[in-house]
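See structure below.
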Amino acid sequence: MKNLYTYLLMLLFFQTALAQANTVVVKGYVRYANGAPAANRIVTISDSLASNSPCAQTRQKTTNANGFYIDTLTCSLAITRVRVYLYDCNTVTAIVHEHPVPTSGIVESNFTLSCNSPSPSGCEAAFTFTHPQNSLTFTFNSSNAHGVSGTTDAIVRRRWKFANGDTLGGNVVSPTYTFSQPGVYQTCLTIWTTSGCENTVCKIVSTHDSTAPSPSCSAAFSSAFDAVNYRKVKFNSNGSAAGLNDSIVSRLWVFGDGDSLRGNIVDPTHTYANDAIYYACLFIRTAKGCEKHICQFVEVRNRHCESKFTFERLPVTGNTTGSQIRFNSSTSTTGSPDSILYRIWQFGDGTTSVGNVVNPLHTFASPGNYTACLIIRTRGGCNDTSCVTINIPMQPQVTCKSRFTYVPTASTVQFNSSSSTTIIGDSIISRTWNFGDSTILTGNVINPVHHYAYPRLYTVCLTIRTAKGCESRECIQVVTTNVTSRCIPIFDYNRTSPKRVVFNSANSWTALNDTIIERKWDFGDGSPVLSGNVISPVKEYLNLGAYTVCLSIKTRSGCVNTYCNTVNLQDSIVAPNNTEPIRITKMYPSPASTQLNTVVWSLRNNVTAEFGIYDIYGVKKWSMSKILLQGNNYTSIPVAGLLAGPYFFRVTTMYGIKSRQFYKL
């Protein structure tokens, strides 16, 4: 009881209205003495050395095949010190590391065990033990120990080591031993087999252990928030239990805000004065003297959220198929400091968008009335749904169509729009060419030739207008090159993880009426060439580095050409010069015409972010949700649909907003 009330006084002294959260990444490797990785070892991590800390938490991670483990500790108070430990080869001796938390928030704790890596098919020492209630005499049983697996190997010798150095030799399978007094002891068994295999196992033996311990009890409680007043919390300790023929005679509630409640109340209600995270505890005592307690965090905050959205019907143009509706859910709200985790769009025509898209664009193929709904879910668990009815009218008949082809030759491109069509009795009176490099040609030129300053991808648009007032617009990506060829291979890539790259060669060009029948990918790492006609292969590299990747294509008419580009995977998770959690480290090309490549560095792993493109007036033009991995994150953003001018690339996370300006050609 003395230790119980000492703990209680310390807990009551500490006020647990917590401050801004702090996150620490703990990672490392576990290896055997011979340097081999130690797989399936349990590593225990705690964020405080004091058991009564309001952020005390203990977590366990299991090492992977490489002996690696990683975990993230989060606390609303600053975490200043962590303790990491595991048990050595004898399963009794603990190897303990204590680390102060650096400003980077990353703690690396590596371990080396005292034994070499075991043979997966070696012999194994093992035993169990039992003893009567309130007895110091134990019966041990090593019948589950065995020789080398898969052989006729047999145990020829056993040595038992009990308390105070007492040993028992020979080959006794099930010895009995009486301890001199109550306590906690270490018992070890070593076996030798006919093949010469030797193995030792040690276990902790407590004289208080029993197949039917008495007295025994367990403390447990749950909490629920009032539907009207979210600061009123209903606690319930019905899950607490006493042993056989025993009962709970005392319950002490400590609510974490300085208030406590004595007596034996099973389900009290407590109202908190402020929004915060509190550390609430329940202490129980039974008639036979068993004492237990349990503590857990109670987060008091406004869990209100509201789903809201608007929609805008985009203008119908000559080359539009169906009716396009732009939705916008930026007016949806949550309580502070909650945020929207998922947005599920149900458009009413049988299609659904799942993710966290703020302003999706949806095309309705047929006229009619559609009930569109938005379902939001927040990090705090709030759900809300809103729906509106959208009328899609009949579309006017398309009476003209803008079409064009192109042929690249060295640094010039020959365009031809003679395939554009109108209805009988109408004619094209105006052609406006936007060549994608800030150059616009007006008039009615059918097949212009345009000179480009740089070889790259450009988004070229042709808008036609007829005598009867029909307008149509077509945009396609045009490949320019500094060589003359009837086929041009080209590819870009997106790095989805440190060593994983997704390639895309869909923009490779061939002459009119010709097609690519073969693609060969050389990934530059010595692996076999990928043959066939794979447009977008995925490559997982074994090591970081810079690789020269080459794509060779062959067309039906016999044109063969090769294009090579360097893929750089040398980036690491080393922080930039400063230690800010999120940073935009690179954007290219600048200015951008069709695609903007971004590199966003993250200090921590699995950070939810929203990427957005905004104009100079702060209007969002594009957005997507992305989970940032620790280190550099590569993303390719389509910008072909933007008008020429300045824009801002913005990254929004729980750590704030980062933005950088770029220019769209």
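Hey, could you check region 103-130 for residues that are modelled with pLDDT under 80 and among the hydroxyl-bearing types (Ser, Thr, Tyr) and say which is surrounded by the fewest Cβ atoms within 10 Å (Cβ to Cβ)? Here the residue is 103. Is it the case that region 39-56 has a residue that's in a loop (DSSP other than H, G, I, E, B) and at pLDDT 80 or above? For region 39-56, residues in a loop (DSSP other than H, G, I, E, B) and at pLDDT 80 or above: present.
Evaluate the following for residue 104: is it within 44 Å of the chain's Cα centre (by Cα), part of a loop (DSSP other than H, G, I, E, B) and assigned by TED's automatic domain parsing to the domain that holds residue 47? Against the criterion (within 44 Å of the chain's Cα centre (by Cα), part of a loop (DSSP other than H, G, I, E, B) and assigned by TED's automatic domain parsing to the domain that holds residue 47), residue 104 qualifies.
Counting only residues that are basic (Lys, Arg) and within 15 Å of residue 286 (Cβ to Cβ), region 227-251 holds 1 of them.
What's the number of the only condition in (1) surrounded by 15 or more Cβ atoms within 10 Å (Cβ to Cβ); (2) modelled with pLDDT under 80 that residue 248 fails to meet? Here residue 248 meets the rest and fails (2).
Among the residues of region 144-168, the ones that are modelled with pLDDT of 90 or more and loosely packed, with under 12 Cβ neighbours inside 10 Å come to 0 in all. Checking region 359-367 against the condition returns a match, with at least one residue being surrounded by fewer than 17 Cβ atoms within 10 Å (Cβ to Cβ), assigned to a strand (DSSP E or B) and modelled with pLDDT of 80 or more.
Does residue 363 meet the test of being under 30 Å from residue 339 (Cα atoms) and either in contact with a Lys or Arg (Cβ under 7 Å, 6 or more places away or on another chain) or not assigned by TED's automatic domain parsing to the domain that holds residue 277 (or both)? It is true that residue 363 is under 30 Å from residue 339 (Cα atoms) and either in contact with a Lys or Arg (Cβ under 7 Å, 6 or more places away or on another chain) or not assigned by TED's automatic domain parsing to the domain that holds residue 277 (or both).
Does residue 284 fit the bill of being in contact with a strand residue (DSSP E or B) (Cβ under 8 Å, 6 or more places away or on another chain), in a strand (DSSP E or B) and either among the basic types (Lys, Arg) or modelled with pLDDT of 85 or more (or both)? Answer is yes for this residue. Against the conditions (1) out of contact with any Gly (no Cβ under 8 Å at 6 or more places or on another chain); (2) modelled with pLDDT under 80, residue 192 satisfies every one except (2).
Taking region 577-665 as the region of interest, the strands (runs of 3 or more DSSP E) fully inside it that hold 1 or more residues being over 23 Å from residue 353 (Cβ atoms) and free of Cβ contacts under 8 Å to residues at least 12 places away in the same chain are 582-588, 656-664.
Residues checked against (1) more than 23 Å from residue 74 (Cα to Cα); (2) more than 33 Å from the chain's Cα centre (by Cα):
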| site | (1), (2) |
| --- | --- |
| 226 | yes, no |
| 243 | yes, yes |
| 253 | yes, yes |
| 262 | yes, yes |
| 269 | yes, yes |
| 278 | no, no |
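Against the list (1) more than 22 Å from residue 387 (Cα to Cα); (2) at pLDDT 85 or above, the condition residue 310 fails is (1). Across region 521-571, the qualifying residues are those that are of a type in the set (D, E, K, R) and modelled with pLDDT of 90 or more, and the one among them that is farthest from the chain's Cα centre (by Cα) is 556.
Taken over region 398-426, the criterion of being in a strand (DSSP E or B) and either more than 45 Å from the chain's Cα centre (by Cα) or of a type outside the set (Val, Ile, Thr) (or both) is satisfied by 400, 401, 406, 408, 409, 412, 414, 415, 416, 421, 422.
Hey, among the residues in region 427-456 that are hydroxyl-bearing (Ser, Thr, Tyr) and outside any loop (DSSP other than H, G, I, E, B), which one's farthest from residue 477 (Cα to Cα)? Only one residue tops the list, namely 430.
Would you mind stating whether residue 82 is assigned to a loop (DSSP other than H, G, I, E, B) and at pLDDT 80 or above? No; evaluated as a whole, the condition is false for this residue. Here is a check on your reading of the model: is residue 649 in contact with a Pro (Cβ under 8 Å, 6 or more places away or on another chain) and crowded, with 18+ Cβ neighbours inside 10 Å? No, not satisfied.
All conditions but one from (1) closer than 24 Å to residue 559 by Cα; (2) polar (S, T, N, Q); (3) over 36 Å from the mean Cα position of the chain (by Cα) apply to residue 463; the one that does not is (1). Scanning region 515-566 for residues that are farther than 17 Å from residue 494 by Cβ and touching a Lys or Arg at 6+ places or on another chain (Cβ under 6 Å) gives 515, 517, 518, 529, 531, 533, 552, 553, 559, 560. Filtered by the rule that a residue be within 13 Å of residue 501 (Cα to Cα), of a type in the set (A, V, I, L, M) and not in a loop (DSSP other than H, G, I, E, B), region 528-547 gives 538, 546.
The values are calculated or read from the model by the stated rules, or taken from the named source; none is laboratory data. Values in this document were obtained by computation on a predicted structure and should not be read as measured data. So basically every Cβ, Gly included, is an ideal-geometry build from the backbone, and we count neighbours across all protein chains shown.
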